[in-house]
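All remarks here apply to the structure that follows.
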Amino acid sequence: MRVLVCTCNNKIKLPDFDLGPDINLEMHTDLCKRKAAISPDEKVVIAGCSPSLMEGLFPDVNAEFVNLHEHIVLMGHSMDKAKDLIAAAVEKMKALTPIKRKVFKIENKNALIIGGGIAGIEVASRLSENGLNATLIEKAPFLGGTVAKLDRLYPEGTPYSHTLMPQIGKLISGKNINLFFNTEVKEIKGSVGSYKIILQTHSRGVIECTNCGKCTEVCPIEINDEGKKRKAIYYVPTFPDKYAIDWKNCTKCGECLKVCEGKIELENKISEKEITAGAVVVATGLNYYDACNVEEYGYGRYPGVMTTLEFERAVTSEELKPEKVVIVYCVGSRDSKHLPYCSKICCFLGLKEAKLITDRLPQTQVYVAAMDMRSSGTFEYLYNKLRERGVTFIKGKPSEILQRNGKLVVRSEDLYTNELLEIEADAVVLSTGFTPDKETFEKLGIKLNGDFPILFENSSLGNTDLPRGIFTAGSATFPAAVRDTLIDARKAAFSVLSLLKQDKIETLQPVARVDEDLCSVCRMCIGTCAYNAISIVDDKIKINEELCMGCGVCTITCPSYASQLETFNPEAFSRQIKSLVKEGDILALLCRWSAYNATDKAAYDKFSYPENVKIIRVPCSGAVDPSHVMDALDKGAKGVLIGGCYPDACHYAKGNFRAKAREQVLKMNLESMGFDKNVVRLEWIGKDEANKFVEIVKEMNK
Amino acid sequence: MINLKNADPTFKWEIAKQEGGKQILKCFGCSDCAASCPVRYFDERYNPRKIIRLTLLGMKDQVLSSPFLWFCAHCHACTEHCPQGIPVAELINAIKNYAVENGYCPEGYKIQVELLQKMGRLYEVEDFDLKKRQKIGLPPVDKTIPEVAKILEKTGILNKVGK
Ligand code: SF4
Ligand code: SF4
Ligand code: SF4
Ligand code: SF4
């Protein structure tokens, strides 16, 4: 093993020391300028500046970093301590499994895009423009998704067709695009670069079509399609230019067959097809929350109570001409009984509907009842304009909608005046919240955190270059406005392009590995992984390298230590601790994402802490095993500090909460063994909280 | 005017410690409780949201000495409605309990407790009532129920209301 020491232009003078046979000590003057050649297959110790810098210079190596500059030189600590840190790092590396290079072959240059709304369309045409193959599947018989159902797009109010139709034009004139309608994913297998997907398609019913429209004239089944009337055989003016049968409502009476100039088959045939893809884009859009669940608002019971979508469609098709309208906000959203989150776009939608009605029927009296108005960005202009137009905004969440003398009555308190208030109206519009398409994510094996897929909701994860082949676009993960959806779709297309233009991806990202001989398949680890990376395949625990983020949390959960993280296995870590800790030391095990950085900052800000404080960098506070604390105490440590990110700030979603849960058990055990429970402390230390770190270790050292 | 100089920042935490009071901090002031409260439709001076709000602001004396605090009928309509899942009626109760413990018990309540102690009931049973019962074939009832006084003593409520 090589130990590379940077002397920082001869400023660091390490005394001679022997690290044992087969360990070569190399002195460099400026590792930060002249990079030493290190092969990814060898194990090394690099001692120099802080790993926060060194890691960037040597990203693809199997190394333990020793922080000579910030922890020794700037602190004014002795070179003996430096020696101890290096020796301990060597001990760790000896027992470490090197990171195995993970190679994902990108065999397939086809991308599967799930969802034919504006997001999916945008992704598919961008990919085709750049020479890739795109397979776009849509579960409805027509393209356009939610946008095609709208009359206009906010905030400017242009018809949806201004946006959607040019997009569709580009899509259908694009090369190498396969479109499937009435189609959904049945099953997906494989990994990045080579997914195998089984698609399930329902037949369209209309086989040949001249677009004469006679079938709709004779069809006896009339349904209300989100505010607009249509028949069970119908047409949406997007694409394809062909009628379709709505199998849910068709009674197969055969009237259409009698007048059809083309060919209709009244049988809903289901066919399956297997396709391959190198990447998958989820563009499944949003689902309106079912307003029937909010019983006090009478949706589904009172005919005049409708959703924003139904209102928009009914008004623009001239089926509804209300004289007095109340638009109610936060229906289902921000409500612990329904959706605990803010659905983000429904405030805009409410403003949009108010604009729509005052544009068309200026004499209509419009009220908006909102507990809060979240008109972020330029939506404030729309909010201003509507007040100028005479729309009345009421602050307060309506408690109830009743029906009295044939009129709807909305009851609320108006918080501006502190008075109770009732508004009689002939239409009440519910600005409902939205939910993501959980089902698709579940099919793709992506874990949800409450309502949202965990992989896409955490901003720190977005920066991690994982070899993952599943992307999202638009509202699939969270409700987004049209403009934001398009931007997001371009971002997704770019990510797919950068992935698929390669022949293979190689990564040295450390992942957990399970030693089958040790594993008893107790399944404890499965639930602890925040990323759903652990599953059972053929009665064995298997870790998905694509999904594992390398937090190490599972390695601690495993009762038989069968799960080991590359670069950080419990045994190697234990050796490092035993080698480093001396009688009377304070051992600080600090999360690399937060607390560890505070120690660098302590050095820059000229704080000082005692020499007996020894710091080891860990991937996550949740990766510290109680046995490691015991190792340190056995060696005579005065105290052990575990430093992690603040609650909810964990880089790995919930690692610090695991640490917290363990701390309590550990403290109990310590007490039963006769230790003072305060020798161990778990502290949240932010990356800039140098002062906090120093205060804590000083306190522990007393 | 609410003068925050007179506010007691610990008040909300005190209420949060009471049985049923814990969730007060979740209130985001939507006023669904106030709009659904049937008492409010009879007397607008009663407003559960306002009580909660004043509590969060720390206006201890104003909340505890308000006669309106005692208007709640404990019907739980507000609890059903609150989008934050706050058991509003329990919360109002928690504030009432706290008021009593801190010497803010209204006279009417004291009188009720006294009546209970004396007769074991809130309404006196007179000979007229007994006659009426007899007429329609109902058995007579005791004019007083002494056990109630014992219960009251056990609960310690007499000390709490200052009787
Ligand atoms: S966007 Fe507005 S209406 Fe929608 S949940 Fe948020 S606050 Fe409520
Ligand atoms: S718990 Fe962490 S280390 Fe283990 S499999 Fe999941 S992401 Fe990987
Ligand atoms: S429980 Fe009290 S505050 Fe709640 S609605 Fe009923 S009377 Fe009003
Ligand atoms: S309903 Fe709940 S959140 Fe809304 S004001 Fe009342 S207590 Fe607060």
Among the candidates B:L64, B:L116, B:L54, B:L122, single out the residue that is at pLDDT 95 or above and away from ligand 3 (no atom under 15 Å from the Cβ). B:L64
Looking at region B:44-85, which of its residues are more than 9 Å from ligand 4 (Cβ to nearest atom), surrounded by fewer than 21 Cβ atoms within 10 Å (Cβ to Cβ), within 11 Å of chain A (Cβ to nearest Cβ) and assigned to a loop (DSSP other than H, G, I, E, B)? B:E44, B:R45
Report those helices (runs of 4 or more DSSP H) wholly inside region A:626-702 carrying at least 1 residues which are under 19 Å from A:I556 (Cβ atoms). A:626-634, A:655-672
Would you mind stating whether B:G103 is part of a loop (DSSP other than H, G, I, E, B) and away from ligand 2 (no atom under 16 Å from the Cβ)? yes
Restricting to region A:347-384, count the residues that are within 14 Å of another protein chain (Cβ to nearest Cβ) and either in contact with a Gly (Cβ under 8 Å, 6 or more places away or on another chain) or farther than 30 Å from B:K26 by Cα (or both). 3
With respect to B:K12, is the statement that it is among the basic types (K, R) and either within 13 Å of ligand 3 (Cβ to nearest atom) or at pLDDT 95 or above (or both) true? yes
Candidate set: region A:319-337, residues that are part of a loop (DSSP other than H, G, I, E, B) and surrounded by fewer than 20 Cβ atoms within 10 Å (Cβ to Cβ); chosen: the one farthest from the other protein chains (Cβ to nearest Cβ): A:E319
Taking region A:273-318 only, how many residues are under 24 Å from A:D451 (Cβ atoms) and surrounded by fewer than 19 Cβ atoms within 10 Å (Cβ to Cβ)? 7
Is it fair to say A:E663 is out of contact with any Ser or Thr (no Cβ under 8 Å at 6 or more places or on another chain) and either surrounded by fewer than 19 Cβ atoms within 10 Å (Cβ to Cβ) or over 27 Å from A:A87 (Cα atoms) (or both)? yes
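Yes/no matrix, rows are residues, columns are (1) modelled with pLDDT under 95; (2) part of a helix (DSSP H, G or I):
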site: B:E90; (1), (2): no, yes
site: B:Y98; (1), (2): no, yes
site: B:Q112; (1), (2): yes, yes
site: B:P140; (1), (2): yes, no
site: B:K143; (1), (2): yes, no
Among the numbered criteria (1) of a type outside the set (F, W, Y); (2) touching a Ser or Thr at 6+ places or on another chain (Cβ under 7 Å); (3) more than 8 Å from ligand 4 (Cβ to nearest atom); (4) within 8 Å of another protein chain (Cβ to nearest Cβ), which single criterion is violated by B:R40? (2)
Tell me whether region A:614-622 contains one or more residues that are under 30 Å from A:A533 (Cα atoms), part of a loop (DSSP other than H, G, I, E, B), touching a Phe, Trp or Tyr at 6+ places or on another chain (Cβ under 9 Å) and at pLDDT below 95. yes
Failed item in (1) farther than 19 Å from B:C105 by Cβ; (2) of a type outside the set (S, T, Y); (3) touching a Ser or Thr at 6+ places or on another chain (Cβ under 7 Å); (4) away from ligand 1 (no atom under 16 Å from the Cβ), with B:V63 passing the rest: (1)
Tell me, please, whether a residue that is surrounded by fewer than 17 Cβ atoms within 10 Å (Cβ to Cβ), at positive phi and more than 16 Å from ligand 3 (Cβ to nearest atom) can be found in region A:370-377. yes
Matching option when the condition is at pLDDT below 90 and buried (at least 22 other Cβ atoms within 10 Å of the Cβ), among A:L68, A:L31, A:L85, A:L57: A:L31
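The values are calculated or read from the model by the stated rules, or taken from the named source; none is laboratory data. Source: prediction; values computed, not measured. When we count neighbours, we look across all protein chains shown, and the Cβ atoms used for this are built from the backbone with ideal geometry, even at glycine.
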